[in-house]
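Below: one structure, written as structure tokens.
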Amino acid sequence: MAFSRRQSLDSKPVEMNHLVNAMDELLQRSVNESIHLQLRLAHDLWTAEADPNQLESALLNLVLNARDAMPDGGTLVVETSNQQLDRSFTNAYENLLPGDYVVLSVSDNGCGMPETVISRAFDPFFTTKPIGQGTGLGLSMIYGFSKQSHGHVLIKSEVGVGTTVQLFLPRFKGLASEAEQSFQSNAIYAENGETVLIVEDDPAVRTLVSEVLGELGYTFIEAGEASDAVPILESGQRIDLLISDVGLPGMNGRQLAEIARQLRPELKVLFITGYAEHAAVRGGFLDTGMQLITKPFAFDHLTSKVREMIEA
């Protein structure tokens, strides 16, 4: 059980070319001998603003994905560039502002992806890999990192030709004043200290939901199982929304919701369930003020559902 406010990144000025060069040996070791890894680093590259540790993790994940797309070998290119985004581009994406961005691109000439796969590539737990060979969280985590960094990630792919993933990070423009930093740290949607209790036994899912809530600016409390959540519900801690997995070990999510409603009759509840459980939660499962979201879910779907329930 852990309590946390917004999970802020340790954003700082990052010289992306230096970071990529420093990772070159690791990246070379991460691909097999049949893959030729090239670095194409722009001269006069702007300084980016990002969390360098998260950026390193994102780059490694993108390289590993590109490697897996070329089982028979090929060429993998890591490239950096400067790019100015205007409103004709940014208006198509939520919370993306026009301006200067530093772009990290990872390209392969592997199998490529059809549009049906591209459209779901950022969904948590969506993966084309066999069971046991990856969680499907890699690209969704990179998407979350880009959004929390006030950037963007874009996939371009063609079946039989290859794939390019571009990570856009804002150009560093100098240290903001204390007043500006305070304003930037304010909640995007939370207005009155709204608090969400997350009850989920899978750490990866719990982290994912926490990151979405943090990006929205909500305070959140985490519990790994129902028995950890009950004392929180019994306390005087403010809770505006309970998000609970249905299939918790021991006391399940529906039983927890019953207890929660006895203690807090007006509490709103959002259940998370897998496809396999979905059929079991029809017909009378949801009372007034309860909703359900099915895994795998997109970031935008979870975001809109949380906002809808809290603001109702």
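Just so it is clear, none of the values below were taken in a lab; they were calculated from the coordinates. Only a predicted model underlies this, so the values are computations on that prediction, with no experimental measurement involved. Neighbour counts run over all protein chains shown; Cβ positions are idealised from the backbone, glycine included.
The table for this structure:
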| read-out | value |
| --- | --- |
| Restraint check, K12/K156; K173/K305; K12/K295; K147/K305; K156/K305, Cα-Cα greater than 26 Å | K12/K156; K173/K305; K12/K295; K156/K305 |
| Binned Cα-Cα distances of the range 8-170, short to long, each 10 Å bin given as a whole percent | 10, 40, 38, 11, 0 |
| Packing-based exposure ordering (other Cβ within 10 Å, fewest first) of R307, R87, R206 | R87, R307, R206 |
| At R0 = 41 Å, FRET efficiency that the Cβ-Cβ distance of S88 and T288 yields, to 0.05 | 0.40 |
| Taking H152, H43 and counting other C-beta atoms within 10 Å, the order from fewest to most | H43, H152 |
| Cβ charges +1 (Lys, Arg) and -1 (Asp, Glu), total dipole of the range 8-170, debye | 300 debye |
| Neighbour-count order for L37, L233, fewest beta carbons within 10 angstrom listed first | L37, L233 |
| Percent of Cα pairs exceeding the 21 Å cut-off, where the set is the range 191-258 | 19 percent |
| Quarter of Cα convex hull surface for the range 187-311, i.e. mean projection, nm² | 7.0 nm² |
